[in-house]
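Below is one structure, written out as structure tokens; the observations come after it.
The values are calculated or read from the model by the stated rules, or taken from the named source; none is laboratory data. Note that the structure is a prediction, hence the values are computed from the model and not measured. Positions of Cβ are backbone-derived with ideal geometry, glycine not excepted, and every protein chain shown enters the neighbour counts. The protein model used for the area step is the full one, side chains on, heavy atoms only, and it has no ligands, DNA or RNA in it. Shrake-Rupley method; radii C 1.70, N 1.55, O 1.52, S 1.80 Å.
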Amino acid sequence: MANNATGLVRIVKAAGYSWQGLRAAWQHEAAFRQEALAALVAIIVACWLDVDIVSRILMIGAVVLVVIVEILNSAIEAVVDRIGQERHPLAGRAKDMGSAAVLITILLALFVWIALLWAHLR
């Protein structure tokens with residue numbers, strides 16, 4: 001059966017699916033909860049700091065990107081686990097690559113924060 005929703009109905013349904021995804025990530029992924037809480041703290045700190053608007057946007061964007069990549073990593077892991085629980089080199093590679101993407105994003109966020117705070121405090 002095809003989904004014929006258009007316009008506002010489609011947008012409302014898509015928002016509902018997105019909310020379900022956020023709830024699933026929160027309920028089932030400890031890493032997502034940790035990174036989301038860290039991002040919330042970082043966003044509060046970024047709003048409190050006396051930095052220019054571009055720096056604030058970069059700081060907030062960097063930590064939000066970590067959360068986004070963690071959701072994508074969790075989605076990859078869920079699909080791989082759905083396909084099968086047996087060990088397979090491609091399944092391991094997919095999970096490792098997703099994890100590497102999260103690590104690189106965390107390192108990017110740290111670099112952005114350190115560079116902008118260093119420039120601000122000099």
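Springs between Cα atoms under 10 Å define the GNM used for the chain, and in it the highest mean-square fluctuation of ILE44, ILE11, ILE106 occurs at ILE11. Quick check: from the Cα gyration tensor, does segment 50-122 come out rounded (a/c under 1.5), prolate or oblate? Because a/c hits 1.5 or more and a/b exceeds b/c, segment 50-122 counts as prolate. Computing FRET efficiency as 1/(1 + (r/R0)^6) for ALA119 and ALA38, where r is the C-beta to C-beta distance and R0 is 22 Å, gives about 0.50. Summing Lys and Arg as +1 and Asp and Glu as -1 over all other residues whose Cβ lies under 15 Å from the Cβ of LYS95 gives a net charge of -3. Each residue was assigned an accessible area with a 1.4 Å probe, and for GLU86 the value is about 120 Å². Based on DSSP H segments of at least four residues, each scored -39500 (n - 2.57), the chain has a per-residue ellipticity at 222 nm of -30500 deg cm²/dmol. Quick one: grab the alpha carbon gyration tensor of the chain, order the square roots of its eigenvalues as a ≥ b ≥ c, and give me rounded if a/c is under 1.5, else prolate or oblate depending on whether a/b is larger than b/c. Because a/c hits 1.5 or more and a/b fails to exceed b/c, the chain counts as oblate.
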